[in-house]
1. Can you pull out the residues in the stretch 85-102 that are surrounded by 21 or more Cβ atoms within 10 Å (Cβ to Cβ), under 19 Å from Leu135 (Cβ atoms) and out of contact with any Ser or Thr (no Cβ under 7 Å at 6 or more places or on another chain)?
2. Being in contact (Cβ under 8 Å) with a residue 12 or more places away in the chain and among the acidic types (Asp, Glu) narrows it down to one of Asp218, Asp248, so name that one.
3. Residues that are over 22 Å from Phe203 (Cβ atoms), out of contact with any Ser or Thr (no Cβ under 9 Å at 6 or more places or on another chain) and of a type in the set (Val, Ile, Thr): does the stretch 237-258 have at least one?
4. Quick check: anything in the stretch 137-145 without any contact (Cβ under 8 Å) to a residue 60 or more places away in the chain, closer than 30 Å to Leu260 by Cβ and either in contact with a helix residue (DSSP H, G or I) (Cβ under 8 Å, 6 or more places away or on another chain) or crowded, with 19+ Cβ neighbours inside 10 Å (or both)?
5. Looking at Ile235, Ile155, Ile239 in this structure, which one is over 19 Å from Asn121 (Cα atoms) and touching a residue at least 40 places away in the same chain (Cβ under 8 Å)?
6. Of the residues Ser98, Ser86, only one is hydroxyl-bearing (Ser, Thr, Tyr) and touching a His at 6+ places or on another chain (Cβ under 8 Å); which?
7. Looking at the stretch 169-277, what helices (runs of 4 or more DSSP H) fall wholly within it and have at least 2 residues that are acidic (Asp, Glu) and at pLDDT 95 or above?
Amino acid sequence: MSRLHDMMEELERQRRRGNFRGAENIAKLEMKNYELEGNTPYYNFYRGVLWYLYDFPHEAMMHFDNALLTEDRDMYYVHKFKGVVSLESGEFERARDSFEKALAEASDPADIASAMNALANTYLRMGQPDRSLDLYREALRVSMNANLDELSETILANIGVAHVNKGDHEGSIRYFEDAMLLAKALNDDRGMRICLNNMASAFNNMGKHEDALAVYNDALHYAGRADDRYGLRVIYTNIGYTYRMMGDVHHALEYYTLALGTAQQINDREGEALAKYWITTLQKGEEQAAAS
């Protein structure tokens, strides 16, 4: 395996654990090393990774376009990151094309399963859950045959999300439960948070709001243990939504306010805007009810 392969595995491991600073430091160190070596293609690749981590997709893509890597199928990572940036920017067809190129470059089971999972994510975002489920199942087969438990955990959770998107909320639960079994075995608190949050959302979609609140509270426990502040913001927002669906404006405001404070701490602009919207909307509703 190439040096880049090893670095990408470690970077992804740090990101999965919520250690974004650790991932950033890996990219910074490698970028500096390649700059000192005068290796422009690999310098551009890590520069692109940093721009991606800093949420500057245009700048990231510009550097990935100039990262013409030559060692041992390293272009797999260029195509994969270009796919990730495109997917997060809503350019689904471009993302699909990049992930297909990554899959063509993939050589080991981890890269093959990861590329399939990313391609499945793209089809899900394109509104094709059946196509995404076919890819998720194939990715899971590859992952489980290679004993890639962390990746299998992620894919199982994604299968659950695909069932939610199909409207099969009850059917999604068993996939979240299977993913949680792996997360527990791996002591993956962040993975537990993600699975529990998704499961609670499924309960909400079934109208089981009390069950959803209980599961969200379990998710808060794991997010706290993992120091996953983005996860905390997501769960606070979802609890606010749940109370809003139950007609409990007081508790909804309480949790949207917690979501707002957490979003501001981590510079989560999207989360901040969503919390502000619902706080303002609910407060206006209370004022109008008091005046009538």
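1. Correct list: Ala102 only.
2. Answer to the check: Asp218.
3. yes
4. No: the stretch 137-145 contains no residue that is without any contact (Cβ under 8 Å) to a residue 60 or more places away in the chain, closer than 30 Å to Leu260 by Cβ and either in contact with a helix residue (DSSP H, G or I) (Cβ under 8 Å, 6 or more places away or on another chain) or crowded, with 19+ Cβ neighbours inside 10 Å (or both).
5. Working: Ile155 fails: over 19 Å from Asn121 (Cα atoms); Ile239 fails: touching a residue at least 40 places away in the same chain (Cβ under 8 Å).
Of Ile235, Ile155, Ile239, the one residue that is over 19 Å from Asn121 (Cα atoms) and touching a residue at least 40 places away in the same chain (Cβ under 8 Å) is Ile235.
6. Only one candidate qualifies: Ser98.
7. By residue number, 169-185, 209-225.
The values are calculated or read from the model by the stated rules, or taken from the named source; none is laboratory data. Predicted, not measured: the structure shown is a model, and the values here were computed from it. As a convention, Cβ positions derive from the backbone with ideal geometry for all residues, glycine included, and neighbour counts pool all protein chains shown.
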